[in-house]
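Engineer: The structure's right below; bear with me while I get my questions together.
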Amino acid sequence: MEFHFHLLLPILTFLSVALVASQAAADDVSPDAYWKSVLPNAPMPKAVKDSLPAKLIEDKSTSVDVGKGGVNVNAGKGKPIRKPGTKVGVGKGGVTVTAGPTKAYIYKYAATETQIHDNPNVALFFLEKDLKRGAKMNLYFTKTTNAETTFLPRQEADKIPFSSEKMPEILDHFSVTPDSKEAEVMKNTIKECEEPGIKGEEKYCATSLESMIDFTTSKLGKNVQPISTEVEKKTNKLEEYRVSGVKKMGGEKSVVCHKQNYAYAVFYCHKTTTTKAYMVSLVGVDGTKDKAVAVCHTDTSTWNPKHLAFQVLKVKPGTVPVCHYLPEDLVVWVQN
């Protein structure tokens, strides 16, 4: 039988154009719409909702001015503020950078003496034997990073370089002075993302919500449940809580995503097969009811021996499971 390729060519051309158009349409889907399409049965946790652009649109209290002459933040009254440790707007849509990121939840870092005494995250570490109904703990839930930064749509994030080799281009894109504190924070975040993980760790820095979803589902499948800590009452001091309930979530395979300090929402995600996740119901002394995610690491043998957890709990790497509550801007993905 004679094969007429010229008859097939128009069909292949049509299919190719249709595929490109379909991909283009997929790329134009908003981050929350992409979530619904891939994870229709997975409720979006607060830590993710807080990183969606809608939150920034609703909050009119802070205005951001970005220009070639520098970066300013107006906190509602008075003159724009620029000082170390404050949040500084550096990009389109009101994205921010906060100086001084915590290393408490990245396990290769050692804790300094200052962190041990002054870091509010110290109170979040505990031993697994203490995770039980009726237990009392003094806790201070905080956010580890610049909570106001929001996700960029993947099609926008993918156009912006995310590489140490491209730092001049990145800083110019966000009008950040190369020798500023903001530039240093951004450089450190990219450096951490580029460094190899600890033994057995599969890590990835997601520069968009879509890429975080793709990484997580590639490791755990699509039948997943993302969870995050949700605290009703905001305080700036330790509060006494009583554990009123503990629920084990998934198995020991999970993906944990830590929000990083950057000009827009970037999450450092890593897969682990030695982590137990729990949803813990807490009751404050004033009756406030909160839900916090606790994770227990069953193998800490590859952690830095001077990590904050070991110094707080007075234990050595690889000896006992180390647990901690998660700040509000971390997400744990577990299998259903």
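The values are calculated or read from the model by the stated rules, or taken from the named source; none is laboratory data. Predicted model, so just to flag it, every value in this text is computed and none were measured. Cβ placement follows ideal geometry from the backbone for every residue including glycine, while neighbour counts extend to all protein chains displayed. Remember, those area values only see protein heavy atoms, side chains included, never the ligands or the DNA or RNA. Shrake-Rupley method; radii C 1.70, N 1.55, O 1.52, S 1.80 Å.
Engineer: Restricting the search to the range 277-301, which residues are part of a loop (DSSP other than H, G, I, E, B) and not aliphatic (A, V, I, L, M)? Explain how you work it out, then say what you get.
Structural biologist: Of the residues in the range 277-301, the ones part of a loop (DSSP other than H, G, I, E, B) are 285-288, 298-301.
Correct list: 286, 287, 288, 298, 299, 300, 301.
Engineer: From the residues in the range 177-211 that are assigned to a helix (DSSP H, G or I) and of a type in the set (D, E, K, R), which one is nearest to residue 29 (Cα to Cα)?
Structural biologist: To start, the set of residues in the range 177-211 that are assigned to a helix (DSSP H, G or I) comprises 181-194, 209-211.
With of a type in the set (D, E, K, R) added as a condition, the list becomes 181-182, 184, 187, 191-192, 194, 210.
Details: 181: 35, 182: 31, 184: 33, 187: 30, 191: 30, 192: 29, 194: 28, 210: 10 Å.
Ranking the qualifying residues of the range 177-211, first place goes to 210.
Engineer: For the range 302-322, which positions are surrounded by 17 or more Cβ atoms within 10 Å (Cβ to Cβ) and assigned to a loop (DSSP other than H, G, I, E, B)?
Structural biologist: Passing the criteria: 303, 304, 307, 317, 321.
Engineer: So in the range 110-125, with the set limited to residues that are touching a His at 6+ places or on another chain (Cβ under 7 Å) and either assigned to a helix (DSSP H, G or I) or within 18 Å of residue 327 (Cα to Cα) (or both), which one is modelled with the highest pLDDT? Working first, answer last.
Structural biologist: In the first step, residues of the range 110-125 are kept if they are touching a His at 6+ places or on another chain (Cβ under 7 Å); the result is 110-111, 124-125.
The next check asks that each one be either assigned to a helix (DSSP H, G or I) or within 18 Å of residue 327 (Cα to Cα) (or both); those that pass are 111, 124-125.
On the way: 111: 51, 124: 74, 125: 83.
In this case the residue turns out to be 125.
Engineer: Going by the structure shown, is residue 187 among the basic types (Lys, Arg), modelled with pLDDT of 95 or more and open to solvent by 10 Å² or more (accessible area, probe 1.4 Å)?
Structural biologist: Values: among the basic types (Lys, Arg): yes; modelled with pLDDT of 95 or more: yes; open to solvent by 10 Å² or more (accessible area, probe 1.4 Å): yes.
Taking the combined requirement at face value, the residue satisfies it.
Engineer: So which residues in the range 223-276 are open to solvent by less than 20 Å² (accessible area, probe 1.4 Å) and part of a loop (DSSP other than H, G, I, E, B), if there are any at all?
Structural biologist: 228, 229, 231, 260, 261, 262, 263, 264, 265, 266
Engineer: Restricting to the range 162-174, count the residues that are surrounded by 12 or more Cβ atoms within 10 Å (Cβ to Cβ) and under 16 Å from residue 261 (Cα atoms).
Structural biologist: 6
Engineer: Here's something else I'd like to know. Pull out all pairs, ordered by first then second residue, where Cβ-Cβ is under 6 Å, the residues are six or more apart or on different chains, the first lies in the range 192-207 and is among the small types (Gly, Ala, Ser), and the second is open to solvent by 40 Å² or more (accessible area, probe 1.4 Å).
Structural biologist: 197/203
Engineer: Considering each residue of the range 140-157, count those that are over 15 Å from residue 261 (Cα atoms) and at pLDDT below 85, and give that number.
Structural biologist: The qualifying residues number 2.
Engineer: Also, I was wondering about something else. Six or more apart or on different chains, Cβ under 9 Å: which pairs go from a residue in the range 315-336 that's at positive phi to one that's β-branched (Val, Ile, Thr)? Could you list them?
Structural biologist: Filtered contacts from the range 315-336: 318/300; 318/302.
Engineer: Could you say whether any residue in the range 294-317 is over 30 Å from residue 150 (Cβ atoms), touching a helix residue (DSSP H, G or I) at 6+ places or on another chain (Cβ under 9 Å), of a type in the set (A, V, I, L, M) and at pLDDT 90 or above?
Structural biologist: yes
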